[in-house]
Amino acid sequence: MITSKENRKVRDLRKLHKKKYRSRTGRFLAEGEHLVEEAVKHGQTIHSVILHEAYEHAHLDLGDLELMFVSGDVMRSLSQLETPPGIVAQVSYVPPASSGQRVLTLDNVQDPGNLGTLIRTADAFGFDRVLLSPDTADPFSEKVLRSAQGSTFHVGIEIREAATAAKAFEGTVLATALIDAEPLDGIGTPDGPLMLILGNEGSGVGSDVIDAADRRVRIGMSGKSESLNVGIAGGILMHHFQA
């Protein structure tokens with residue numbers, strides 16, 4: 001059992017709290033039993049599973065994975081949650097197979113909670129591929145993973161420039177916009193593959209990305225609010241166009 005927070009393996013794991021180390025190593029930490037189970041179940045590469053010394057894990061199907069038992073102090077240093085869950089996995093993302101029929105593209109979405117919600121909603125409504133512009137929040141941060149509730153491992157996530165992806169897409173591309181946009185209620189589900197583009201919480205979809213889309217869409221609102229949270233808007237749109 002590891003009892004020192006200065007243990008080399010523990011220090012290396014703590015580095016994964018930072019995006020630059022996650023990007024450099026291609027690894028991240030998945031906290032909590034649900035996320036660990038989903039990662040194992042859906043074919044992610046599990047480098048190690050870190051367990052609190054008193055954590056009951058006999059009911060988990062961890063196979064021949066490397067298990068690392070640690071003290072409470074060490075677990076608290078590894079966890080980014082106020083109450084550490086007692087189990088953490090060191091994971092490398094393996095994108096699942098994607099049909100490409102329903103693609104969600106996010107252009108500069110900054111809030112981790114919004115991003116996690118959108119990934120989870122995409123999973124729920126059959127959008128099995130999610131493209132993120134390079135300036136979108138990190139999908140493998142603790143807050144995004146927690147908000148996505150395991151859906152990260154169900155959909156294919158890729159970092160790609162939104163305008164480039166829209167131009168290359170072989171199907172219908174719809175981008176959300178407030179100006180010169182068609183009301184959602186008047187748009188039926190297109191035949192064939194569909195890409196739906198949502199943008200930044202404040203500025204929306206970039207003009208270059210909108211120009212690459214086939215059509216612009218807006219959600220009609222009867223109240224006084226000028227706009228919707230991007231997570232809510234994404235849910236309405238993906239439900240409308242679900243596979």
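Over all other residues within a Cβ to Cβ distance under 11 Å of Val230, the charged ones net out to -3, with Lys and Arg as +1 and Asp and Glu as -1. In terms of distances greater than 24 angstrom between alpha carbons, the cross-link table entries Lys18/Lys143; Lys15/Lys143; Lys18/Lys167; Lys41/Lys143 yield Lys18/Lys167. If one takes the longest principal axis of the Cα atoms in the chain, at what angle in degrees, from 0 to 90 and to the nearest 10, does the Cα axis of helix 112-124 lie? Compared with the principal axis, the helix lies near 70 degrees. Put in order of Cβ neighbour count within 10 Å, fewest first, the listed residues Met75, Met195 become Met75, Met195.
With Cβ to Cβ distances under 11 Å as the rule, what net charge do the other residues near Ala30 carry (K, R +1; D, E -1)? Overall, the nearby charge balance is -3. If you model the range 102-240 as an ellipsoid using its alpha carbon gyration tensor, with each semi-axis the square root of five times an eigenvalue, the axes come out at 21, 17, 15 Å, biggest first.
DSSP bridge analysis restricted to the chain gives an antiparallel fraction near 30%, rounded to the nearest 5.
Toward the positive end of the charge dipole of the chain, with +1 on the Cβ of Lys and Arg and -1 on the Cβ of Asp and Glu, the farthest Cα among Ser133, Gly63, Gly86 is that of Gly86.
For a test of the definition: using alpha carbon positions, the gyration tensor, and the 1.5 limit on a/c, classify the chain as rounded, prolate or oblate.
The shape class here is prolate.
Couplings 3J(HN,Hα) for the range 48-56, derived from phi with the Karplus relation 6.51 cos²θ - 1.76 cosθ + 1.60 (θ = phi - 60°), are 6, 10, 9, 10, 4, 4, 9, 6, 7 Hz, where x marks Gly and Pro. Rounded to the nearest 20 debye, the dipole size of the range 102-240 about its Cα centre is 320 debye, using +1 on the Cβ of Lys and Arg and -1 on the Cβ of Asp and Glu.
For the chain, the longest principal axis of the C-alpha atoms and the axis of helix 230-240 are separated by about 70°. The ranking of Ile197, Ile232 from fewest to most other beta carbons within 10 Å of each one's beta carbon is Ile232, Ile197.
Sorted fewest first by neighbouring Cβ atoms within 10 angstrom, Ser147, Ser207 come out as Ser207, Ser147.
Each value in this text was obtained by applying a stated rule to the coordinates, not by laboratory testing. Source: prediction; values computed, not measured. Note: ideal-geometry Cβ built from the backbone for every residue, glycine included; neighbour counts use all protein chains shown.
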